Amino acid sequence: MFMAQSDSDSTTNTADRESVHARVLNASREHVVHAFREPEHFAQWWGPKGFRSTIHSFDFRQGGRLQLTLHGPDGADYENEYVVEEIVEPERIVISHPDPAHYFQLVITLAEEGKNKTRLSWRQRFDTREHFEQVKSVVAEANEQNLDRLAAELGRSRKP
């Protein structure tokens, strides 16, 4: 299983097993964190285009677990569990997907980019380069779709 790296060496040691995305969102960092923290908002944007989420449990705090079913556009259901590893509001959220068959860690960083604008960095780290090579073509597109859905949800939702 993946062991957390310090920020100083994370890029060097994990670049060959990461999918990295960035987006400037039209929302404050607090509003973006709210979209993660509140299950009614999270369910609206989590997952690629065409997917919807049913949340079974949602404990969004350090050490908490999120359990949900992603319903695919093909009718298939995908049970998912995530662990909230770290929250430093409003700068950083770290979530892992502890499934041994598809382990990854998602590191979200949020930086102010002007009034009510946030630069979101989405860094998905896989446990091995081999695993990443197997999924990277699907993951890259899915992550961009996830960020599209997050941006749309931020536009719809009221600012906290």
Which ³J(HN,Hα) values in Hz, rounded to whole numbers, follow from the phi angles of the stretch 74-87 under the Karplus curve 6.51 cos²θ - 1.76 cosθ + 1.60, where θ = phi - 60° and Gly and Pro get x?
-> 8, x, 6, 10, 10, 6, 9, 10, 10, 10, 7, 7, 7, 9
Okay, helix-only estimate at 222 nm for the chain: each DSSP H run of n ≥ 4 adds -39500 (n - 2.57), divide by all residues, round to 500 deg cm²/dmol; what do you get?
-> -10500 deg cm²/dmol
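Treating only the Cβ of Lys, Arg, Asp and Glu as charged (+1, +1, -1, -1), what charge dipole size does the stretch 20-139 show about its Cα centre? Round to the nearest 20 debye. If you can, show how the numbers build up before the last one.
On the way: 15 positive and 18 negative charges, 107 e Å.
With Lys and Arg at +1 and Asp and Glu at -1, about 520 debye.
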Comparing Asn143, Asn116, Asn26, which has the greatest mean-square fluctuation in the GNM of the chain with Cα pairs linked when under 10 Å apart?
-> Asn116
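Can you pull a Stokes-Einstein diffusion coefficient for the stretch 9-160 at 20 °C (1.002 mPa s), Rh from Kirkwood over Cα pairs, as a whole number of µm²/s?
Values: Rh = 15.8 Å.
Rounded, D is 136 µm²/s.
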Under-24-angstrom lysine pairs by C-alpha in the chain, whenever the two are 8 or more apart or on separate chains | 5
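Taken together, the values in this text are just the output of simple stated rules run on the coordinates, not laboratory data. These numbers were taken from a predicted model, which means no experiment stands behind them. Backbone-built Cβ (ideal geometry, glycine too); neighbour counts: all protein chains shown.
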